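Enquirer: Below are the structure tokens for one structure; questions will follow.
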């Protein structure tokens with residue numbers, strides 16, 4: 001997959017609301033993941049190219065095989081990517097302490113899962129970006145395996161492909177199709193500049209409606 005750290009860093013300087021506004025204006029209004037997927041640390045945000053993973057729950061899995069599978073997932077995650085996982089399960093933790101530390105050491109920018117997390121205090125303390133739906137101490141051993149590395153997944157109503165980009169912060173998670181990435185980033189940066197002009201005008205006493213009509217943004 002193509003990793004462009006410059007685009008990731010530029011996108012990370014934006015915020016999800018502005019990215020969403022640009023996508024909506026471009027005809028992509030349904031690119032946000034379900035609003036119950038939340039960050040462990042609401043003060044952090046992340047952006048980058050997506051590496052997709054999916055998985056399956058089965059109580060009959062061999063514990064050793066599930067750990068081999070899990071460590072294989074950690075090995076496959078590309079440096080500079082954000083891993084997004086559709087676990088097809090709502091009972092287990094699909095991220096934990098040692099796994100987060102491993103991904104962080106390997107240069108992965110973050111992990112987003114339509115599922116659970118454990119060891120959340122430790123993960124927050126080391127500063128690794130994780131977004132999840134819930135917390136539980138129950139791990140994947142003997143119960144869950146990953147598959148479909150790099151293949152398309154769906155979370156909520158959003159189709160997600162490896163190579164698409166994500167921008168995530170305390171307000172939510174926005175998926176950007178790779179074909180329009182640079183246009184979205186450029187337009188979002190323009191939005192941020194315009195918002196600054198609107199804010200400055202209002203702080204200087206300009207009527208808010210007048211400011212909106214002048215700059216076309218509010």
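Enquirer: Mind jotting down the distance between the C-alpha centroids of region 22-46 and region 125-164, whole Å?
Expert: 16
Enquirer: According to the Kirkwood expression over distinct Cα-Cα pairs, how big is the hydrodynamic radius of region 27-81, in Å?
Expert: 14.8
Enquirer: Using the alpha carbon gyration tensor of region 1-122, what are the three equivalent-ellipsoid semi-axes (square root of 5 times each eigenvalue), largest first, in whole Å?
Expert: 27, 17, 14
Enquirer: Shifting gears a bit: Could you give the nm distance between label points at residue 79 and residue 218, where each point is 7 Å from its Cα heading toward the beta carbon?
Expert: 4.9
Enquirer: Still on this structure: Tell me the relative contact order for region 5-178 as a rounded percent, counting alpha carbon contacts under 8 Å between residues six or more apart.
Expert: Answer for region 5-178 is 35 percent.
Enquirer: Based only on other Cβ atoms within 10 Å, what is the fewest-to-most ordering of 45, 56?
Expert: With the fewest neighbours first, 45, 56 line up as 56, 45.
Enquirer: Further, regarding this structure: Rounded to the nearest 500, what is the chain's calculated 222 nm mean residue ellipticity when only DSSP H runs of at least 4 contribute -39500 (n - 2.57) each, over all residues? Spell out each step's value before the answer.
Expert: Numbers: 7 runs with 79 residues, N = 218.
It comes out at -11000 deg cm²/dmol, rounded to the nearest 500.
Enquirer: Kindly provide the pair-distance distribution of region 58-162 built from C-alpha pairs, with 10 Å bins from 0 and whole-percent values in order of increasing distance.
Expert: Pair shares across the bins are 15, 51, 33, 2.
Enquirer: Taking every pair of Cα atoms in the chain, average 1/r, invert it to obtain the Kirkwood radius, and report Rg/Rh to two decimals.
Expert: Working: Rg = 18.9 Å, Rh = 18.2 Å.
When Rh is taken as the Kirkwood radius, the ratio is 1.04.
Enquirer: Hey, with R₀ at 45 Å, roughly what FRET efficiency would residue 101 and residue 178 work out to, going by the Cβ-Cβ distance, to 0.05?
Expert: 0.95
We did not get these values from a lab; they are worked out from the coordinates using the rules stated. The model shown is predicted, which means the values in this text are computed figures rather than measured ones. Glycine gets a Cβ as well: all are built from the backbone with ideal geometry, and neighbour counts include every protein chain shown.
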